Structures are given as structure tokens and as C-alpha cells.
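Values quoted throughout were computed directly from the atomic coordinates according to the rules given, and no laboratory measurement underlies them. Because the structure is a prediction, the values reported are computed rather than measured. Methodologically, a virtual Cβ is constructed for each residue, glycine included, from the backbone with ideal geometry; neighbour enumeration extends over all protein chains shown.
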Amino acid sequence: MALFCHMITALAQDKVTMSNGEKREGKVVSVSENAIKFVYKGETLEYEFKKADINKIEFSSGRTEVINAMGASAATSSTAAERKGKIAVLPFDFITNDSSIDVTAISQQLQTETYNSIKANTSVKEVQDPITTNSLLAKAGLSRSNITTRTPQEMAILLGVENVVYGIANVTTKGSSTYGSGISTVDGKATEKKEGRKETTKVSGTVFNSNNASTTVEYDTKIDLNFYTDQGKNIYSESRKAFGSGFDAHSATVNYLIKRCPFGTKAKR
């Protein structure tokens, strides 16, 4: 009887369902905050799976733990016909040497600017609102920091769009310049005194001094944009260094690149 029970226990396996629908059988060795360690059935080598890629775990005890509720269902929730003509912009990967910049805020700002530029400068009819995009990403356990754990094809299917836009902004501080000026003015009146042929002029009054100084930080900005289809094909990959050294130079650069994307008003036909 004891041997029979041991055999049943040995045959019982944990089942891990990945976000793309793939099922894996074996033994979950450990579970950490961001990953699990797993041994496949009949093997001894340990593998590590990121939780961001897992839909649920069905333990041999009968307990089921849902890791990402949207994972498996989102991967099959939309058809190619439903995704047709739709596009979504992901939060930008923002790289900078300026520690004073709020990277998350600027990443989302660039995402919104790109969304607005696509609406204004392309023939795309349906552009997914960034709030909807970010909500779907959050439900799938994804954020700006771990977007690359999914392939572009998986990302497009997850978001229910035909095309997905990846952006990278590289902003480097080149230094700062200080400009100053000093002005002196005299507020008074002049008097003249004539002594024979000699004339003298005397000015009396109050002298006012003012000094103005301003500091300007200069940036070197580069924008990279990549467009992928829901089949995983890269249809547009361009980089451009921004004109100008202001912090907001990225705005004009994004518009330039969007206008020349496959759907843009200045695309090569």
C-alpha cells in the first residue's frame, strides 16, 4: 500500500501554463518574487521562468495559483481581423546620464507624444490610447522595465493591435553655460558753467546697477523607433539625432520619424 501511494505521488506533476498558452509539466522547485525554478518531468536540470511569462501554476496538490490573469487569455483574445489597422505605442525606454530626470515620467510623455504624432501625421485610423495600453500591460505584469520579456508578436496580440511601436530615447547632458550681463544707468541732470572760452559739463544724480545671469543645460538627444507587426515582422527601424540642444528637442525628432514611417505623410512610396 505504501509503495502504491509513493508511485501516485511520483506520477503527480505540477503544470505551468505560460502566457502564450504553452503548458509545461514537471516540478516547481521554488517560487520567488519575480521567478520560479522548475524541473521538467523525467529530468533533473533546473530552469528559471520569469513570472511575467507565466499565466498560472497548477500544483500536484490540486491548488492553482494564477500569476497573470490576462496572460493566457489575452494571447488568444483577438483575431487577426480584429487587430487589423490598429496600432499601439509602448512606453519608451529612456536612457540618460542626468540623475535629476524622472525617467518614468519622461518615458510616458514620449509615449503620449508619439501617440499624438501618429494621429496627426499618419493614415492610421485606430491608435490605441496610452492609458489603455498601459492598463493592459499592467494586468499582464508588464511595465517599461520588463517589456522585452515578450516578443513583438506576443506584445501585439496581447494589446489587440496589428502594429506595435517600440521607442528608445537616449538623452545625454553635454554641460551647462552661464550667461550674464551688467547694466549701469544714471538718473540725474546736467549743468553747464562757462568761464571765458572754457565750458564744462557736470552731471549729478544716482547710479543704478542691475545684473542678470542665466544657466542653460545642453543635451545631446537621439531617438530610435521600431514598428512591428502582429506576425513579428519589423517594418520600420529608424534613428535620428535631434537638431538643437534643448531638453525638448525630442518632440520635433519624434514627429520627423513618424512622418516617414510606412503610414506617414512623408513615407517613401
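What the table below lists for this structure:
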{"read-out": "Listed residue pairs exceeding 24 Å between alpha carbons, taken from K23/K139; K50/K139; K50/K241; K56/K86; K233/K259; K56/K233", "value": "K50/K241; K56/K86; K56/K233"}
{"read-out": "Ordering of 249-258, 142-151 by packing [mean C-beta count within 10 Å, highest first]", "value": "249-258, 142-151"}
{"read-out": "Straight-distance crosslink candidates among aspartates and glutamates, where the alpha carbon sits under 13 Å from K125 and sequence neighbours closer than 8 are dropped", "value": "E162"}
{"read-out": "Along each principal axis, Cα extent of segment 215-269, largest first, Å", "value": "49, 22, 12"}
{"read-out": "Segment K27-F243, length gained on full extension (0.36 nm per residue, minus Cα span)", "value": "72.2 nm"}
{"read-out": "Using θ = phi - 60° and Karplus 6.51 cos²θ - 1.76 cosθ + 1.60, couplings along segment 219-231 (whole Hz; Gly, Pro as x)", "value": "10, 10, 10, 9, 10, 10, 10, 9, 10, 10, 8, 6, 9"}
